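Written out below as structure tokens is the structure these notes cover.
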Amino acid sequence: MDAKDILGLPKTAHPLSQEKKSRPPKESQRKPDGISREVYALIGGVPPLMPAVETSQLKKRPPTDEKITWQWLPFTSTARKDNLQLYHWVRVVNGVPPTGDYSFAKYNKSVDVVKYTDDEYEKYLTDPIWTKEETDQLFDMCQRFDLRFIVIADRFPSSRTVEELKDRYYSVSRAILMARAASPADVSGHPIVKEPYKVAQERERKRALSMVLSQTKHQERKDAEVLAEAKRIAEARMVARSAKELELPVTLNDGLENNERALVPGETVSPSSNSQFPSGTVAPSTLMAENASTLGSLKMLRVYLRTYALDQMIQAASSSAGLRTIKRVEQSLQELGVNLKPRVPTKAVCSHHLELRKEILTLLNLQKQLQYKEAEGSSYRDSPYETPGTPKDRTFVPDSMSFGGERVVKRDQKRKAPGRAEAPSSPAQSKRPRKLKASDL
């Protein structure tokens, strides 16, 4: 006995070989045109980092009427002030060299450094910490090195920090601009005037940055935990605030219950029993649960449109209603001249719009219940054996003259043939004749 006998498997002469999983065939990547085989082998099918030249451009031949040559020609650049003449290869078409400025001269950008006179310095720029010679050297180096204050601080003769150099440059430029302007409003939009340089803030920023860069992994984990806790608290506050904003009056359930109590006095309506509502009406417990779930889902959102919240509340209020009921609600809104969606969706407008929809839905539900009650009352009036106050599960004992007699007559009428005369009924006390015995003879 082997394992196959224990498991009840049939014995085979040769064990079935496991079928190898079929691998999907690799898509053969075709070498694009215009690229040599060696270059494509180095790429390995990976798309290049730089955009490739279109193959149509590689095979495109130059027009026959143009003669293109490359020549070693001199050029000058307007970005240089010394008129230096250099050489480079230039594409010449039909023997006519290109004219114009050097193509890379447009990328030469310089900073407009403010210049001041001696009189302006004496009036507006005097500072006990800075001398006029140091200020002149600072502005000359700013013009030379294009406001690269790291380089300027390295080349500056006296020991000044980068923050001190920046503060002196921007304070002097701001004072000169405000002094030369006719009114402060003329230079209020200038970046130097609008955003003044703050030395204390810059030093605090660098100190905080150095602390962050020098902290250990343990300190980083602690900071991450503190930030996560602060984020959780902020989210909880946001949810509580949004919950207060989303508190809309919901009177649909109260209206249904009150109206049902008015229709059937002396009886209590339990929201849990759905049998008291006819088909097509909405139970108050269902609406209450749907509104609660909708409000709960909206509380989880941080930012949302009020129209989105209104749509969600309308869907929750109309989800248990049928399609015909929803269309009748929209038709009622159109008859009243109310837009299906508010044009100005403020909080008050959305609240009143939702209230109107719920009141219309309540009216339609009450109309259905009224029709249901009227149909039930008419059925009671048509039946001569039941009264509206009689329970349905009560057992009635029919009268022998009214109920049983009519049934017997109808049964006898069915048994009779249409052309057959009615035979006289036998007497009630008639008996069959007794058989004669031998003793009687």
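Bear in mind these aren't lab numbers, they're just calculated from the coordinates by the rules spelled out. Every value quoted in this text rests on a predicted model; they were computed, and no experiment measured them. Neighbour counts run over all protein chains shown; Cβ positions are idealised from the backbone, glycine included.
Hey, with R₀ at 45 Å, roughly what FRET efficiency would S320 and R381 work out to, going by the Cβ-Cβ distance, to 0.05?
Values: r = 32 Å, r/R0 = 0.72.
Efficiency, rounded to the nearest 0.05: 0.90.
If I model a spin label as a point 7 Å beyond the Cα along the Cα-Cβ vector, how far apart are those points for L86 and E38 in nm?
3.1
Efficiency by 1/(1 + (r/R0)^6): what FRET value for E204 and T307, r their Cβ-Cβ distance, R0 = 51 Å, to the nearest 0.05?
0.70
List every residue whose amide H lies under 5 Å from the amide H of V92, counting only residues 5 or more places away in sequence or on a different chain, with H placed 1.01 Å from N in the peptide plane.
T69, W70, Q71
Nearest 20 debye, what's the magnitude of the dipole of region 335-387 about its Cα centre given +1 on Lys and Arg Cβ and -1 on Asp and Glu Cβ?
Numbers: 8 positive and 7 negative charges, 106 e Å.
The dipole of region 335-387 has a size of about 500 debye.
Starting from the Cα of I150, step 7 Å along the direction of its Cβ; do the same at S103; then give the gap between the two resulting points in nm.
3.1
At R0 = 60 Å, how high is the FRET efficiency between E330 and V162 if r is their beta carbon distance? Nearest 0.05 is fine.
Values: r = 69 Å, r/R0 = 1.14.
Efficiency for this residue pair is about 0.30.
Tally Lys and Arg at +1 and Asp and Glu at -1 over the other residues with C-beta under 11 Å from the C-beta of L310: what net charge comes out? Write down the numbers at each step before the final one.
Values: positive: R306, K341, K347, R357; negative: D311.
With Lys, Arg at +1 and Asp, Glu at -1, the neighbours total +3.
Could you calculate the contour length gain from K67 to K373, that is, 0.36 nm times the residue separation minus the distance between their Cα atoms, to one decimal place in nm? Numbers along the way, then the final one.
Details: separation 306, 0.36 × 306 = 110.16 nm, distance 10.01 nm.
Using 0.36 nm per residue and subtracting the Cα-Cα distance, I get 100.1 nm.
Residue separation times 0.36 nm, minus the C-alpha to C-alpha distance between D186 and E235: what's the value? Each step should come with its number before you reach the end.
Values: separation 49, 0.36 × 49 = 17.64 nm, distance 4.48 nm.
Here the segment from D186 to E235 would lengthen by 13.2 nm.
If I model a spin label at V111 and L177 as a point 7 Å from the Cα along the Cα→Cβ vector, what separation in nanometres do I get?
1.3
Among S103, T126, Y116, which residue has its Cα furthest toward the positive end of the charge dipole of region 101-174, with +1 on Lys/Arg Cβ and -1 on Asp/Glu Cβ?
Going by the charge dipole, the pick is S103.
Excluding E202 itself, calculate the net charge of residues whose Cβ lies under 15 Å from the Cβ of E202, where each Lys or Arg counts +1 and each Asp or Glu counts -1.
Numbers: positive: R160, K166, R168, K198, R203, R205, K206, R207; negative: E163, E164, D167, E195, E204.
Charge balance near E202 sits at +3.
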